[in-house]
Amino acid sequence: MNILPEQASYHKVTLEEVLLSREARQERQQLWLAKYQTALISLTVVVPGEIKDSTVVRQAFNLAWQTLEKLSQQQKWNVVDKAVFCLPTGPEGLMAVRHDAREVKRACVASEEQSAVGRLWDIDVIGSEGIVSRQSMDIAPRQCFLCSRDARICARERTHSIPALHQAMEDLINHV
């Protein structure tokens, strides 16, 4: 279920569009949780700046989605449903799996950390208790893909320029 990189919109999104998209994603997640009563994997790509749908973003998303599909097969998770959404605010994927949410999160974090481009992936796992965070499982926070600091701190402080972050993303994708 790959999305076509050559069909990326390169649309410059506004803050309002990003917030509305986040709200819509949360609504979709809640609908899926209610419908399937399973652990839910929600995939997006970490994309700084105002262009959230580009060739590089779609390539990173495709690699992440392929990894999740392989992981679900290897782990023998019962995948109840899955869907990919191509949006101007960036691609999103949902996968409902009948498995313990904490185990799913641990496996997803391991996949992020084992992949050269895993730092670009944002894989949330949501269970009946809500989002399973790295912190709740005593897993180290994500590192910035330009330096070794906590990525949240670099993002909050805007430590790196958008062009430098985009170049780092392209470098990661081009070395796969």
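The values are calculated or read from the model by the stated rules, or taken from the named source; none is laboratory data. Treat the numbers as computed from the prediction; the structure is a model and nothing was measured. No Cβ is skipped: glycine too gets one built from the backbone with ideal geometry, and neighbour counts run over all protein chains shown. Side chains included, ligands, DNA and RNA excluded: accessible areas come from the protein's heavy atoms. Shrake-Rupley method; radii C 1.70, N 1.55, O 1.52, S 1.80 Å.
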Exercise. Would it be correct to say that Ser136 is under 26 Å from Trp32 (Cα atoms), open to solvent by 50 Å² or more (accessible area, probe 1.4 Å) and either in a loop (DSSP other than H, G, I, E, B) or modelled with pLDDT under 90 (or both)?
Worked result: yes
For this session: Please specify each residue of region 147-159 satisfying the condition of being assigned to a loop (DSSP other than H, G, I, E, B) and crowded, with 17+ Cβ neighbours inside 10 Å.
Result: none
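Each row is one residue, and each column tells you yes or no for (1) open to solvent by less than 40 Å² (accessible area, probe 1.4 Å); (2) in contact (Cβ under 8 Å) with a residue 40 or more places away in the chain.
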site: Ala64; (1), (2): yes, yes
site: Gln74; (1), (2): no, no
site: Ala83; (1), (2): yes, no
site: Glu103; (1), (2): no, no
site: Arg106; (1), (2): no, no
For this session: Would you point out which residue out of Glu103, Glu112 is charged (D, E, K, R), closer than 19 Å to Val47 by Cα and part of a helix (DSSP H, G or I)?
Result: Glu112
Problem set entry | Given (1) over 17 Å from Glu170 (Cα atoms); (2) of a type outside the set (A, V, I, L, M, F, W, C); (3) touching a helix residue (DSSP H, G or I) at 6+ places or on another chain (Cβ under 9 Å), index of the condition Ser115 fails | (1)
Exercise. Restricting attention to region 1-49, and to residues there that are within 24 Å of Glu69 (Cβ to Cβ) and hydroxyl-bearing (Ser, Thr, Tyr), which single residue is surrounded by the fewest Cβ atoms within 10 Å (Cβ to Cβ)?
Worked result: Tyr36
Exercise. What pairs can you find where one residue is in region 39-62 and in contact (Cβ under 8 Å) with a residue 12 or more places away in the chain and among the charged types (D, E, K, R), the other is open to solvent by 20 Å² or more (accessible area, probe 1.4 Å) and part of a strand (DSSP E or B), and their Cβ atoms are less than 7 Å apart, with a gap of 6+ or different chains?
Worked result: Glu50/Lys12
Exercise. If you check Ile126, Ile162, which single one turns out to be closer than 16 Å to Val46 by Cα and either surrounded by 12 or more Cβ atoms within 10 Å (Cβ to Cβ) or in contact (Cβ under 8 Å) with a residue 60 or more places away in the chain (or both)?
Worked result: Ile162
Seminar exercise, completed: If we keep only residues of region 165-174 that are within 14 Å of Gly49 (Cβ to Cβ) and touching a residue at least 24 places away in the same chain (Cβ under 8 Å), then the residue least open to solvent (accessible area, probe 1.4 Å) is Met169
Problem set entry | Options Arg134, Arg102: the member that is farther than 28 Å from Leu19 by Cβ and basic (Lys, Arg) | Arg102
